[in-house]
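Quick notes on the structure that follows.
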Amino acid sequence: MALRMLLDFVFPPQCGGCERIGSGLCNTCLPRGPQIDRKLPTLKVSALGIYDGAVRHAILSLKNGRRDVAEAFAERLRARISANAIAVPVPTTAARRRQRGFDGCELVARLAFGSHVNAGLVQVRGETQRGRGREARLIVRQRFIWRGPPLNGARVVLLDDVVTTGATLEACAATVRGAEGVVSEAWVIATVP
Ligand SMILES: [Zn+2]
């Protein structure tokens, strides 16, 4: 504790969005506008903000292990998502997880929803399929598999940090449905403009 205070004095914690002094996200950087809704083929996805500026910087801080930033986002998400759904985080690849030692999206999910998290999705292949032959491409088509406890018709909300085309969320939704989860909704921290 004394060491923590000393470190905070010498290296004061900074906002994960703009680097002003203060932990988590400062009032300017916390996404606080209305949610942004997008329609994907089988999902409605809602975002706390646009992937730009301070929010983009904050997501990078989260990926680099800033737990205080994860807490700030978790608090925002908790206020928006109904408590009777199961939160399923979109996983990063195993390699990236090993390299970073943790998964930022799963951390946010656990801070926000505690025991209502089911981290049953596993990413079995990376996103890039460049340079593979046709046959290999067919095999890697299924990017996610379900390794969690059975969902037995439970209502699921998918969680991810950023949505771009939505292909990843749709792939996850298909896998969740294959595991008998009911999913029509996803939440992300930010969406591309
Ligand atoms: Zn800030």
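When region 1-31 is filtered for residues that are surrounded by 12 or more Cβ atoms within 10 Å (Cβ to Cβ), more than 7 Å from the ligand (Cβ to nearest atom) and among the small types (G, A, S), the ones remaining, listed by number, are G16, G22, S23, G24.
Every test in (1) of a type outside the set (S, T, N, Q); (2) modelled with pLDDT of 90 or more; (3) part of a loop (DSSP other than H, G, I, E, B) is passed by V122 save one, and that test is (3). Kindly establish whether G53 is free of Cβ contacts under 8 Å to residues at least 40 places away in the same chain, touching a Phe, Trp or Tyr at 6+ places or on another chain (Cβ under 7 Å) and of a type outside the set (F, W, Y). When the stated conditions are applied, G53 does not pass them. Contact annotation: residue pairs with Cβ atoms under 8 Å, 6 or more positions apart or on different chains, pairing a residue in region 62-80 that is more than 16 Å from F113 (Cβ to Cβ) with a partner that is acidic (D, E) and surrounded by 15 or more Cβ atoms within 10 Å (Cβ to Cβ), are L62/D161; K63/D161. Within the bounds of region 95-110, is there any residue that is in contact (Cβ under 8 Å) with a residue 60 or more places away in the chain and either assigned to a loop (DSSP other than H, G, I, E, B) or surrounded by fewer than 15 Cβ atoms within 10 Å (Cβ to Cβ) (or both)? No, because not a single residue in region 95-110 is in contact (Cβ under 8 Å) with a residue 60 or more places away in the chain and either assigned to a loop (DSSP other than H, G, I, E, B) or surrounded by fewer than 15 Cβ atoms within 10 Å (Cβ to Cβ) (or both). Across region 32-68, the number of residues qualifying as within 15 Å of the ligand (Cβ to nearest atom) and either assigned to a helix (DSSP H, G or I) or aromatic (F, W, Y) (or both) comes to 11. Considering every residue within region 155-164, establish whether at least one is modelled with pLDDT of 95 or more and out of contact with any strand residue (DSSP E or B) (no Cβ under 7 Å at 6 or more places or on another chain). Yes - at least one qualifying residue is present in region 155-164.
The values are calculated or read from the model by the stated rules, or taken from the named source; none is laboratory data. Just so we're clear, the structure is a prediction, and the values are computed from it rather than from any experiment. Quick reminder, even Gly has a Cβ in these numbers, built from the backbone with ideal geometry, and neighbours come from all protein chains shown.
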